[in-house]
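What follows is a single structure, written as structure tokens, with notes after it.
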Amino acid sequence: MLLLANKRRIQVTCRLFLGGIMPESLAVRRAGVSNAMTRIHEVLDALAKRDHAGEILTTVRHFPSREAQWADFPAWVRPNLVSAYATKGISRLYTHQAAAAEAVHAGKNVVIVTPTASGKTLCYNLPVVNSVLENSDTRALYLFPTKALAQDQLAELHDLNQRLENCFGVFTYDGDTPADPRKVIREKGHIVLTNPDMLHTGILPHHTRWTRLFENLRYIVLDELHTYRGVLGSHLCNVLRRLRRIARFYRREPQFVCCSATIANPGELASRLLETEVQVLDSNGAPAAEKTFVFYNPPVVNRALGIRRSYINESARVAQEFLKRDLQTIVFANSRLHTEILLTYLQKANPRFPGRSETIRGYRGGYLPNERREIERGLREGKIRGVVSTSALELGIDVGSLDAAVLAGYPGTIAATWQRSGRAGRRSGSSLAVLVASSAPLDQFMVRHPDYFFGHTPEHAFIQPDNLEILINHLKCAAFELPIAPKEKFGDVDLPDLCARLAETGFLHLAGENYHWTHEAYPADAISLRSVSSDNFVIIDITGNPNVVGEIDFPSALVFVHEKAIYLHGGTQYHVEHLDFKERKAYVKRVEVDYYTDAVRYTQVRVLEVAASESSTSWPTFTSHSHGDVLVRSQVVGFKKIKFFTNETIGDGKLELPENEMHTTSYWITLERPLLESLPFSIGERQSGMFGLLRALESVATLLLMCDRRDLGTAIGERPPSPESENHGLVAVRMENAVSSNAREFFEPNLYLYDAYPGGIGFSEPLFRAHDLLVEKTRELISSCECEQGCPSCVGPAGDLAPRAKEAALAILERLCNN
């Protein structure tokens, strides 16, 4: 809903979802409204006063509070457990908690789908702990997507256990667990909290040490189900195949309890992950506090070029409005770099007083575990008033009841947006969430079409567990754990044939009827569930005595800690002195400079095999679209120095770093020669139009697939002019070359949208099938944009493109749509 504002009177129209529309002046305060809500209204007033033309606050949605729906504890719950919860202030259950506990107690596999902060933890803790109290041999395995979330749930179970006079054992088992306690955990842990990575590398391969657990395993809890999509979900399905296989060896058929906050197809996803029928429980009896959601579109500074103010600067400005009114605030950024930039801005705006600890902190992967625990504790206790985070705090870690959430850019999915906004006002009290849109097409689509966001069903999650590369890796792990019998089933593949092929390559050996692992290597250790190399770089500060300040995975190291980079950590700037590939160490020194660095990457794609293709050779189309297997080569070739606050490029540099290769799947459009010759544009304008078109195609593809923008990669490749050419691949062409005065003409270019994970995760074929819809929606996106020559919200900034790039992109689309 559009906010109308003028210089004399600022009035906000809030839409109430429970019947009608209610205009309300933000200056009017109702009797009894909380102090926090008064300050939240002050922030809305301050934001509204900037919006003289009614273009910045594109919508303000108000969600009224909701009363709880109650139910009694089931009769089968032991009295001492009821008493323990009573001492925690829980004397009755929400209706959905009671229903979930009953279903679990009845032995059903369930998936519980309720919003953030609705008390899902109790849904599984109650029946699991009750079973442990009834039979001390009962064992349960809890899987959380992150170590931080497992630590948070450990605190909850420890508290409950103390109230029960420590009658059961509960422990976390992850990479941070010291060696000495591990034997005790294996023997005495009734409830073991871990993550898929540790289950994959530390428990399943050593199941003989976990005999006590597997012989009595009754429950497996899978929390934050919605995070297990794409490549991680595909891996997890195979890990669970191995888990159930080992459980059957110990004559156990464990029961599964899944939880999710926001997802459209929880039953389908859970059934695919578990490969069994699952009951969906999606009612919600939890109360909800009053919440306001604002879409903030940064002001236009050049309407002809469609240029808006930096959304990073505007996010910092919005967050500061909350912080200066002492409203505890969380700011979410979509990358590590933007997290550190925002942290730098906010710390400068809120300087630390002498003798006091920092009240504005950062939180992201790469921070050491103790540092993360300290930040979480500071948020719960109120000592930290503001935190800037990546998605690391998106999930259900308890950080107390925050007043406001600022989202610096659309996170990429509706589900993630609701998760992040739900971090404010988790327990009680009013809260405000502000989504600050970037100039990216997807962001602009959302803030210009708020009904799509608020009225649309949350995303569907897709997995591809039978991806051959993923499945074979886990088949190796399965063979290491237990011999593979001839009649076993492991996914929807020809298992005997795969085992025979692995035997030919020396990994397996057929002894009798079973295949045994014979290779010296330990297979699980070499397989990452997140398609990131297990090689991590340790970052060492050598300003004084060498000190480890963090770690980073291999692909990210090439982007963030290459030599001459400015690495940002906790608001502190470090200059990277040396990147040691052999020892996997990055040596840095503390500096104070007024710029940060941004890596420049070069990508090349080569077609390996075409799975399907459709062509049109009728005037004026002359195009084809295909999908298949490709080889993607990428390399960081340089970097830019970008000044803080102004975002000016003040320098650059060249780099020579190793090239990365990835075998994946891709969808691509081929523009044939007659089509190119029909375009009334110069060579530079044609090529620039193609880059702009590809940018817009990527944005629309993420909407159609409901995937994260980071799940897709893009590239333009040039096909050789004749099949006799020695290079049957495609030569990558860079934007800088396309817009230069001596640009070389493409012969027949391919525009690639490829799966950004090795082996692919199933996006290319759906894009191929949705080709017509994709190009039509892309044409609508570009043609409806009000800019003249291109802007960040359609084909890209005009300054990065040739003058008529937008016209060229639309001309190509007109021909594509006429197919």
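The values are calculated or read from the model by the stated rules, or taken from the named source; none is laboratory data. Every value quoted in this text rests on a predicted model; they were computed, and no experiment measured them. As a convention, Cβ positions derive from the backbone with ideal geometry for all residues, glycine included, and neighbour counts pool all protein chains shown. Ligands, DNA and RNA are stripped out before the accessible areas are found, and what is left, the full protein with its side chains, is counted by its heavy atoms. Shrake-Rupley method; radii C 1.70, N 1.55, O 1.52, S 1.80 Å.
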Review point. Per-residue ellipticity at 222 nm for the chain, helices alone: DSSP H runs ≥ 4 residues times -39500 (n - 2.57), over residue total, nearest 500 deg cm²/dmol?
Key: -10000 deg cm²/dmol
Study note, to complete from the structure: Descending accessible area (1.4 Å probe), largest on the left, turns Trp76, Trp70, Trp210 into Trp70, Trp76, Trp210
Exercise for review: Can you pull a Stokes-Einstein diffusion coefficient for region 304-421 at 25 °C (0.890 mPa s), Rh from Kirkwood over Cα pairs, as a whole number of µm²/s?
Suggested key: 169 µm²/s
Review point. Can you pull the Kirkwood radius for region 41-158, inverse mean 1/r over Cα pairs, to one decimal in Å?
Key: 17.5 Å
Practice item. Just reorder Met662, Met446 by solvent-accessible area, largest first, 1.4 Å probe, all chains present. Key: Met662, Met446
Check your understanding: Highest mean first, what order results for 673-684, 429-440 on Cβ atoms within 10 Å?
Key -> 429-440, 673-684
Exercise for review: Sequence neighbours fewer than 8 away in the same chain don't count; with that in mind, list the aspartates and glutamates whose C-alpha is under 16 Å from Lys564.
Suggested key: Asp541, Glu577, Asp580, Glu592, Asp594, Asp598, Asp652, Glu656
Review point. For the pair Lys188 and Glu513, what calculated FRET efficiency results from E = 1/(1 + (r/R0)^6), where r is the Cβ-Cβ distance and R0 = 51 Å, to the nearest 0.05?
Key: 0.85
Exercise for review: Enumerate the aspartates and glutamates that Lys183 could reach by cross-link, defined here as Cα to Cα under 18 Å, with residues fewer than 8 away along the same chain left out.
Suggested key: Asp137, Asp174, Glu215
Exercise for review: Place the peptides 762-768, 607-613, 285-291, 227-233 in order of packing, highest mean first, counting for every residue the other Cβ atoms within 10 Å and averaging per peptide.
Suggested key: 227-233, 762-768, 285-291, 607-613
Study note, to complete from the structure: At 4 °C in a medium of viscosity 1.567 mPa s, region 202-245 has a Stokes-Einstein diffusion coefficient, with Rh taken as the Kirkwood radius over alpha carbon pairs, in µm² per second, of 110 µm²/s
Review point. Quick one: length gained pulling Glu776 to Asn35 fully straight, 0.36 nm per residue minus the C-alpha distance?
Key: 261.8 nm
Point to revise | Histogram of C-alpha separations across the chain, 10 Å bin width, % | key: 2, 12, 21, 25, 22, 13, 5, 1, 0
Check your understanding: What's the FRET efficiency of Arg710 with Tyr522 using the Cβ-Cβ distance as r and R₀ = 25 Å, to the nearest 0.05?
Key -> 0.25
Check your understanding: Ignoring ligands and nucleic acids, what accessible area does Glu807 show with a 1.4 Å probe (Å², nearest 10)?
Key -> 90 Å²
Point to revise | Surface accessible to a 1.4 Å probe, per residue, for the residues of the chain, Å² | key: 41 Å²
Review point. When only DSSP loop residues count, what GluC sites (Glu not before Pro) in region 38-118 have their Cβ near at most 10 other Cβ atoms within 10 Å?
Key: Glu67
Practice item. Would you list, by chain and number, the lysines whose Cα falls below 23 Å from the Cα of Lys487, excluding same-chain residues fewer than 8 positions away? Key: Lys476
Review point. What per residue convex hull volume, in Å³, comes out for region 98-169 when only alpha-carbon positions are used?
Key: 111 Å³
Exercise for review: Report the calculated FRET efficiency for Asp497 and Gln279 (r = Cβ-Cβ distance, R0 = 30 Å), to the nearest 0.05.
Suggested key: 0.25
Practice item. Take every DSSP beta bridge with both residues inside the chain and express the antiparallel ones as a percent of the total, to the nearest 5. Key: 60 percent
Check your understanding: Considering the zone a paramagnetic label at Asn80 would reach in this model (a point 7 Å from Cα along the Cα-to-Cβ line), which residues of region 128-156 have amide N under 20 Å from it?
Key -> 128-140, 156
Exercise for review: Figure the gain on full extension for Asp326 and Val610 (residue separation times 0.36 nm, minus the Cα-Cα span) and round it to one decimal in nm.
Suggested key: 96.4 nm
Check your understanding: Just for the Cα atoms in region 563-696, what are the lengths along the principal axes, largest first, rounded to whole Å?
Key -> 62, 35, 24
**Study point:** Gain upon complete extension [Glu156, Ile90; 0.36 nm per residue less C-alpha separation]
**Key:** 22.4 nm
Exercise for review: Could you list, in their original order, any pairs among Lys777/Lys806; Lys589/Lys641; Lys120/Lys291; Lys120/Lys489; Lys348/Lys643; Lys108/Lys188 whose Cα atoms are separated by more than 22 Å?
Suggested key: Lys120/Lys489; Lys108/Lys188
**Study point:** Accessible surface of the chain, 1.4 Å probe, proportion on carbon and sulfur as whole %
**Key:** 48 percent
